[in-house]
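These notes concern the structure reproduced below.
Any read-out appearing in this document is the output of simple, stated calculations on the displayed coordinates, not a laboratory observation. Fair warning: this is a prediction, and the values are worked out from it, not measured in the lab. Because the Cβ atoms are built from the backbone with ideal geometry, glycine has one as well, and the counts that use them run over all protein chains shown.
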Amino acid sequence: MVDYEVMVGNKACAVACKLARVNVAAAFPITPQTSITEYLSELYASGEMPGFEFVNCEGELPAQVIVNNAALVGARAFTCTAGPGLQYMHHPMASTAGGRCPLVMAVVHRGIKSMQPDHSDLMSQQWTGWIHLYVENAQEILDTIIMGYKIGEDARVRLPVAVGYDGYVLSYTAEPVEIPPQEMVDKFLPPYKPPRSLIYDDPEASIGRGGGFRSGDPNYAWMMHNEGALNAEEVIKEVFAEWAKLTGRKYGTGMVEEYKTEGADVVITAMGTVAGSAAAAIDKLWKDGKKVGLVKIRSFLPFPRADFQRIAKNVQAIGVFDRSLQPGMGGPSYREIKNTLYDSNVHPVVAGFVGGLSGKEVTVKNFVDLGEKTLEYAKAKKADAHPIWV
Amino acid sequence: MIEIRLHGRGGQGAVTASRIIAAAAFEDGLYSQAIPMYGTERRGAPLTAYVRIDNVRVRERELVHTPDYSICFDEFISMNQTIANSMKPGGIVLANSKFKPEELPLAGDIKIACVDATGIAIKHLGRPITNTAILGAFCKLCPEVSLKGVEKAIYKYFPGRVGDMNVAAARASYEQVTDLITAKNKEPPKQVEEIVSGGYGALKDVSGWRVFEPVIDEEKCIGCKTCWIYCPEAALEWTANNKPAMISRACKGCGVCANECPVKAIEMVRVQVKK
Amino acid sequence: MSERMTRAQVPLEEGIIFPGSTCQGCGAAMAARLTFKVMGPNVIRHGIPCCPDQSSKSPSTGSVFEGAGPSLTGTSRALKALGRTDIKAVGFFGDGGVYDISFGGLMAAAQRNENALVICKDNEAYMNTGGQHSGGTPKYAETTTDQVGPNSRGNKFHKIRAAFAFAALGVPYIATASVAFPEDLMAKVKYAKDIEGFRVILIQTPCPVGWRFDPAKTIEVARSAVQSGMWPLYEIENGSTFKLNYKPKELKPITEYLKPQARFRHMTETEINEMQTYTNQRWEEVLRADEAKRLTF
């Protein structure tokens, strides 16, 4: 029996935790993530989740350490945060990924210079070694949190997964969400069984403490970590295909979701909620006879290299929209796409747009302009200097 | 470029010695670089440090892998082939030892000289801290570093009266160092006992850390287990006849057992360096 | 409260894998050896950056420096969620961790009464990195960041009395212990390990390198700290019930404790007198609490 409910993004996130049978959740409230912690508290109070521990802890950094250790013990763990909270969490995030602890964290985007959303919070965590997924709507939050466990826990990956979604416009916006049946999720996502856990039923077994000064090649752990992150692409595609079969909900390849790219002269890209407005702009552009497609980047880390090398073959220009900017360096997805195409034998014009920073609204009109500009750049075979402000 | 490797023990001043050599070379108009072994230093644990000397600014930033000189500050470690390994052909090993150079069990395409730095240090400093005591001998073997330069450098690290004492020790070792001999055995023995150094976690064997070791007088021992319970390493085994026995691989020679024994049945005896 | 233990009751078996990588005469190594003699199986050991002490025969994990309280929380909650409450979460941390960088996290874990045992080996500075000032450093002690010179007399602040901070949170069990009193230390660990809730044992572990004394004198120094009232041995239950475990008829002067340690060498008579008065006042407090059998301050 399929159940529907009109709910806000943060509730969809909490419902996903319940469906994934999370054992330990730890979080510190921060706007616009706060209501996830309230929903988790409600779930705990309801007694509907046996074997669930919810820790109201004293900050984001402790929250990350708590879920890290819970995962080391063998529990399925969850945490959630936003903007500055994510930055406070930075230090132990590297331990969680370095310790190869697959857990899921919801990052409810809040800019690092403002209360309002942009992607600068999660973008600034690239070096911690997590898998980064970006989602567009409440349904996608629910689906991706559940799938996040399956991706992260896969033996080929064994990495924590961050699911990013924009604050306010998604976290506090209510829309109908389909709640998959528990039995179906249970079948899709079996209980977490780590290959190594701190529970040793042999009391003589001893594992060393963390930290360096060990023999062997110090690069080795990094090599393995890198391999896990790259393997995630294959696993993401498999898991999304399986979920699509079960639910009928398809999110492109899982790495990217294309919209009207077939027969398009140029494509534009977007991540997160703004991809919805971008899609509306695409409809308008086609109606006016302008062949502009949309590529929604769902996985930023690992980056959909193969997808972009394929897409680049059929278009004259790519208009990249970034909702974050590293001052002096540029927009992250713009840089990644250019980097990716260097290894390809086709080199369409790549234009780097930046906008929506610190919660600045990005409208359908903005994307229409962006599409038209990209068409102009294709004709001129040259784009304006990056960043092109939106 | 001249590359030097120093072997010592945490607390003996090998790292300071490496800096004194580097400063001395600079006093003599050369460029230099003193590198401690990266990581943690534990009192008593064997360690290494390195020095490079050149007439241009040293740009290499790696450990010294094939030294021209190997200097050993510790009498016990001087008996270990480790100090003579991976030298440049014809490299020079300067060992702190009472023995003649031909009596040291060191092999390879190397030359060996000895100086009784411990004896010199006890005479001039009153303590067996051998770092400055061996540096005078080193100047004699290494033409690029002068005794005058070393003296100047020593005063930089130990001003005043302490400097005078250390300089006296360096001068004595300059006088007393033996002539260089060529090692008889060119091939090092296959089984080389590794020197266990510091770090984290459990170690296999720390017998090399010991300079003094407990000798138990079973006649005097009253079987009270005081020594046993206070040993930080569990290095005293409680035997069936109700007496303690040292576990050689685990004792670091701290002397807590002897200090705590209520009947003074334990004596800390200096470990004899055997040929 | 813990039950008295005799030397004959001390188990012969070791809970550590030795030798370890500590300096000669390391007090923390002694504390680890004694602790794990009585800890028993089914323990998950937690560490944060600190000096090495002794590896124990239990699974162990290391967390970030500020992660002492949260890492124990994560483990104990996961054990509860997975129905494995037979396994104990034990933390073995240094004074810098417990009193400085992890203090807030431990306070929060204590306030939540997480099911965890925290053991602090207190060597009164960051000895792993060469002896820098920590919240555990006593007043006037010289450390590498409290150097003595015309403008400085060493550490300016009194050592934190963390036991009373934890007591304010009403945790089930707090104790102080010393490596010079091994039976008392082991009795406390044995008692604390099976209590449910947050437990803390603070062990003073002299450091010959950082405190600058002969490594053979580690126990002598630790003993004089207790006998002079500088490190009283006591237990506090549920934030109130109090028991002083070692009550000499007369305290030894603190100079017996200070003299062998070069870190106090620069202290003037006035400074020593000030510390003596401070120590006496603190001792009076614990004596009064012991008489009343509850915390009276």
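Tell me the angle of helix A:364-380 to the major Cα principal axis of chain A, expressed in degrees between 0 and 90 and rounded to the nearest ten.
60
Report the Stokes-Einstein translational diffusion coefficient (µm² s⁻¹, integer) for the range A:239-390, Rh taken as the Kirkwood radius over Cα pairs, at 10 °C with viscosity 1.306 mPa s.
D = 103 µm²/s.
Once the Cα gyration tensor of chain B is diagonalised, what are the square roots of 5 times its eigenvalues, in whole Å and ordered largest first, as equivalent ellipsoid semi-axes?
36, 20, 17
Under 5 Å between amide hydrogens, which residues at least 5 positions from C:Thr61 or on another chain qualify, with H placed 1.01 Å from N in the peptide plane?
C:Arg45, C:His46, C:Gly47
Quick one: order C:Met5, A:Met7, A:Met184 by neighbouring beta-carbon count within 10 Å, fewest to most.
Exposure proxy ranking, most exposed first: A:Met184, C:Met5, A:Met7.
Can you tell me the FRET efficiency between A:Ala221 and A:Glu376 if r is taken as the Cβ-Cβ distance and R0 is 51 Å, rounded to the nearest 0.05?
That gives a FRET efficiency of 0.60.
Can you tell me the FRET efficiency between C:Gln132 and A:Lys193 if r is taken as the Cβ-Cβ distance and R0 is 35 Å, rounded to the nearest 0.05?
Values: r = 43 Å, r/R0 = 1.24.
Efficiency, rounded to the nearest 0.05: 0.20.
When the dipole is taken about the Cα centre of the range B:2-182, and only Lys, Arg (+1) and Asp, Glu (-1) are charged at their Cβ, what size is it in debye, to the nearest 20?
The dipole of the range B:2-182 has a size of about 540 debye.
What's the center-to-center distance, using Cα atoms, between the range A:237-305 and the range C:218-260 in Å?
First find each Cα centre; the distance between them is then 71 Å.
Quick query: amide H of A:Asn56 versus all other amide H atoms, modeled in the peptide plane; which residues come in under 5 Å with a sequence gap of 5 or more or a different chain?
Sorted by chain and number, the residues that satisfy this come to none at all.
Springs between alpha-carbon atoms under 10 Å, Gaussian network over chain C: tell me which of C:Val98, C:Val43, C:Val189 tops the mean-square fluctuations.
Comparing C:Val98, C:Val43, C:Val189 in the GNM, the peak value goes to C:Val43.
Given chain C, what percent of its DSSP beta bridges are antiparallel, to the nearest 5?
Percentage antiparallel, nearest 5: 35.
Along the charge dipole of chain A, Cβ charges K/R +1 and D/E -1, which of A:Leu198, A:Asn10, A:Val157 sits furthest on the positive end?
Value computed over the given set: A:Val157.
Using only the Cα atoms of the range C:121-208, what are the Rg and Dmax in Å?
15.5, 51
Roughly what % antiparallel, to the nearest 5, for the DSSP beta bridges in the protein assembly as shown?
Around 40 percent of the beta bridges assigned by DSSP in the protein assembly as shown are antiparallel ones.
Rounded to the nearest 5, what % of the DSSP beta bridges within the range C:1-133 are antiparallel ones?
Numbers: 3 of 15 bridges.
Around 20 percent of the beta bridges assigned by DSSP in the range C:1-133 are antiparallel ones.
Please arrange A:Ile282, C:Ile174 by counting, for each residue, the other beta carbons lying within 10 Å of its beta carbon, fewest first.
Arranged by neighbour count, lowest to highest, A:Ile282, C:Ile174 become A:Ile282, C:Ile174.
Taking the Cα centre as origin and putting +1 on Lys and Arg beta-carbons and -1 on Asp and Glu beta-carbons, what dipole magnitude results for the range C:66-172, to the nearest 20 debye?
280
To the nearest whole number, what is the average tally of beta carbon atoms from other chains within 10 Å of the beta carbons of peptide C:211-222? Present the calculation step by step, with values, prior to reporting the outcome.
Details: counts 0, 0, 0, 4, 10, 10, 5, 7, 8, 3, 0, 1.
Average neighbour count from other chains, rounded to a whole number: 4.
Per residue, what volume in Å³ does the convex hull of the Cα atoms of chain A enclose?
Hull volume normalised by residue count: 144 Å³.
Go through the range A:79-94 residue by residue and turn each phi into a ³J(HN,Hα) via Karplus (6.51, -1.76, 1.60, θ = phi - 60°); whole Hz please, and just put x for glycine and proline.
Using θ = phi - 60°, the values come out as 9, 8, 7, 7, x, x, x, 5, 5, 5, 7, 3, 4, x, 4, 5 Hz.
In peptide B:252-264, what is the residue-averaged number of other protein chain Cβ atoms found within 10 Å of each Cβ?
5
Can you work out ³J(HN,Hα) from phi for every residue in the range A:128-137, in order, using Karplus 6.51 cos²θ - 1.76 cosθ + 1.60 and θ = phi - 60°, giving whole Hz and x for Gly and Pro?
Per residue, the Karplus-derived 3J(HN,Hα) values read 6, x, 8, 8, 10, 10, 10, 10, 10, 9 Hz.
Taking the Cα centre of the protein assembly as shown as the origin and placing charges on Cβ (Lys, Arg +1; Asp, Glu -1), which of A:Val390, A:Met89, B:Pro189 is farthest toward the positive end of the dipole?
Towards the positive end, the residue furthest out is B:Pro189.
If one takes the longest principal axis of the Cα atoms in chain A, at what angle in degrees, from 0 to 90 and to the nearest 10, does the Cα axis of helix A:274-287 lie?
Between the helix axis and the principal axis of chain A, the angle is about 30 degrees.
Ranked highest first by average number of other Cβ atoms within 10 Å, how do A:110-118, A:263-271, B:204-212, B:235-243 line up? Can you show the working numbers first?
Values: A:110-118: 21.2, A:263-271: 24.1, B:204-212: 19.6, B:235-243: 15.3.
With the highest mean Cβ count within 10 Å placed first, the list reads A:263-271, A:110-118, B:204-212, B:235-243.
Given bins 5 angstrom wide, list per bin the percent of all Cα-Cα distances in the range B:86-177, short to long.
The distribution over the range B:86-177 is 3, 16, 23, 22, 17, 10, 6, 2, 0, given as percents.
Given the DSSP H assignment, sum -39500 (n - 2.57) over each helix run of at least 4 residues in chain B and divide by its residue total; what's the result at 222 nm in deg cm²/dmol, nearest 500?
Values: 7 runs with 72 residues, N = 275.
Calculated mean residue ellipticity at 222 nm is -8000 deg cm²/dmol.
Can you give the angle from 0 to 90° between the axis of helix A:332-342 and the longest principal axis of chain A, with both taken from C-alpha atoms, to the nearest 10?
70
Please report, largest first and rounded to whole Å, the three semi-axes of the ellipsoid equivalent to the range B:1-45, where each semi-axis is the square root of five times an eigenvalue of the C-alpha gyration tensor.
Taking √(5λ) for each eigenvalue gives 23, 10, 8 Å, largest first.
Could you list, by residue number, the cysteines of chain B that have no other cysteine's beta carbon within less than 4.7 Å of their beta carbon?
Cys with no partner Cβ under 4.7 Å: B:Cys72, B:Cys114, B:Cys139, B:Cys142, B:Cys221, B:Cys224, B:Cys231, B:Cys251, B:Cys254, B:Cys261.
Grab the beta carbon distance between A:Ala174 and B:Val263, set R0 = 56 Å, and tell me the FRET efficiency rounded to 0.05.
That gives a FRET efficiency of 0.10.
Just rank A:Thr128, C:Thr6, B:Thr132, fewest to most, by other beta-carbon atoms within 10 angstrom.
Placing the least packed residue first, the sequence is C:Thr6, A:Thr128, B:Thr132.
Report, as an integer, the average count of C-beta atoms from other chains found within 10 Å of each Cβ along C:180-188.
1
Whole angstrom only: what separates the Cα centroid of the range C:50-110 from the Cα centroid of the range A:306-371?
Cα centroid to Cα centroid, the span is 45 Å.
For the range B:92-150, give the magnitude of the charge dipole about the Cα centre (Cβ charges: +1 Lys/Arg, -1 Asp/Glu; no others), in debye to the nearest 20.
Values: 7 positive and 5 negative charges, 58 e Å.
Charge dipole of the range B:92-150: 280 debye, to the nearest 20.
Whole-Hz ³J(HN,Hα) for each residue in the range A:348-355, computed from phi via Karplus 6.51 cos²θ - 1.76 cosθ + 1.60 with θ = phi - 60°, x for glycine and proline: what do you get?
Once rounded to whole Hz, the list reads x, 5, 10, 10, x, 8, 10, x.
What percentage of all Cα-Cα pairs in chain C are separated by more than 23 Å? Can you show the working numbers first?
On the way: 23032 of 43956 pairs.
Of the Cα pairs, 52 percent sit more than 23 Å apart.
Place +1 on the Cβ of every Lys and Arg and -1 on the Cβ of every Asp and Glu in chain B, take the dipole about the Cα centre, and give the residue among B:Phe76, B:Leu203, B:Phe138 whose Cα lies farthest towards its positive end.
Among B:Phe76, B:Leu203, B:Phe138, the one farthest towards the positive end of the dipole of chain B is B:Phe138.
The range B:50-123: D in µm²/s via Stokes-Einstein (Kirkwood Rh, Cα pairs, 25 °C, 0.890 mPa s)?
Estimated via Stokes-Einstein, D reaches 185 µm²/s.
Per 5 Å bin from zero, what fraction in whole % of the C-alpha pairs of the range C:153-250 is there, up to the bin with the longest pair?
Going from the shortest bin to the longest, the percentages are 2, 12, 21, 22, 19, 13, 7, 3, 0.
Average the reciprocal distances over every distinct pair of alpha-carbons in the protein assembly as shown, invert the result, and give the Kirkwood radius in Å.
Result for the protein assembly as shown, one decimal place: 31.7 Å.
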